[in-house]
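What follows is a single structure, written as structure tokens, with notes after it.
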């Protein structure tokens, strides 16, 4: 019996590193896409050997292999939005930037992973310069935390008062929109800022959720933003819905012990059915 294939899933591609512990990177992205009713696809930039206690080793994926992954997925299946994470070298950054142009990729959410939890830098000055020049103008929004934003603007960000000037500086460096995440600041309140060139600053504040299970929070936020953009939401709405999803996943996973260190969020607290659109 033949069945007409008249629908297609909402498709989101993650271009990022693999976390063998399953809490961050590609693995967190796929769980997020699925939980929000989207079909997830991947192009892996690096393999990591890690768990809840830390990273043991990183193996870079060659640039040609990354290009092949992206082309194989997009030439066959297409995409509605893209999340970009760990880009560890100038060649990898350029490969992704070229793919964005070659495939006219829509709704690119770029999470510039540049600083480890320990505070150590993950990329050198050359890679950072290429990242700014090639990725900032191509992404619909970038999502740095305070440490990453401080590295990009050349100034340590110490408080909420530093967030708006930093976001403005990132726009001046070519970003089209900036979601500056303030979760690393001390205090009982978490403050994030969305700034675009066309709108007034959108400040978002919420009580901090007590939890030791925060591994992959940034990856989950950026991938949720990409999913909501793929589903048709405008950027401010996608950001606010993604923040709500992350907060609910944090709350749902707070009492669970996974490993000896910082555990993952509970991405599957309330999964949605796969969204289907009419096939083109």
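We did not get these values from a lab; they are worked out from the coordinates using the rules stated. Everything numeric here is computed off the predicted structure, so don't read it as measured data. No Cβ is skipped: glycine too gets one built from the backbone with ideal geometry, and neighbour counts run over all protein chains shown.
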Sort 75, 148 so that the residue with the fewest other Cβ atoms within 10 Å of its own Cβ comes first and the one with the most comes last.
75, 148
Quick one, what does Rg over Rh come out to for segment 107-243 if you take C-alpha atoms and the Kirkwood Rh?
0.93
Roughly speaking, what is the centre-to-centre gap between segment 137-160 and segment 233-258 when only Cα atoms are used, to the nearest Å?
21 Å
Assign one of three labels to segment 1-69, namely rounded, prolate or oblate, based on the Cα gyration tensor with a ≥ b ≥ c the square roots of its eigenvalues; rounded applies when a/c is under 1.5, prolate when it is not and a/b is larger than b/c, and oblate otherwise.
oblate
Pairs of Cα atoms under 8 Å, at least six residues apart: use those to get the relative contact order of segment 138-256, whole percent.
19 percent
Once label points are set 7 Å from the Cα along Cα→Cβ at both residue 8 and residue 102, what is their separation, rounded to one decimal in nm?
1.9 nm
Identify the residues of segment 9-34 with backbone N under 17 Å of a label point that sits 7 angstrom from the Cα of residue 60 along the Cα-to-Cβ direction, or state none.
16-18
At what distance in nm do the modelled label points of residue 200 and residue 91 sit from each other, each positioned 7 Å from its Cα along Cα→Cβ?
4.9 nm
Relative to the present Cα-Cα distance, how much length would full extension add between residue 168 and residue 278 at 0.36 nm per residue of separation?
35.6 nm
Percent antiparallel among DSSP beta bridges confined to segment 11-256, nearest 5, equals 50 percent
Segment 11-256: spread of alpha-carbon positions along the three principal axes, whole Å, largest first, is 45, 42, 37
Restricting to Cα pairs below 8 Å that are 6+ residues apart, what does the relative contact order work out to for segment 11-256? Please round to a whole percent.
18 percent
Here the relative contact order (percent) of segment 1-150, from C-alpha pairs under 8 Å and at least 6 apart, is 20 percent
For segment 1-157, what mean projected area does the convex hull of the alpha carbons give, in nm²?
10.7 nm²
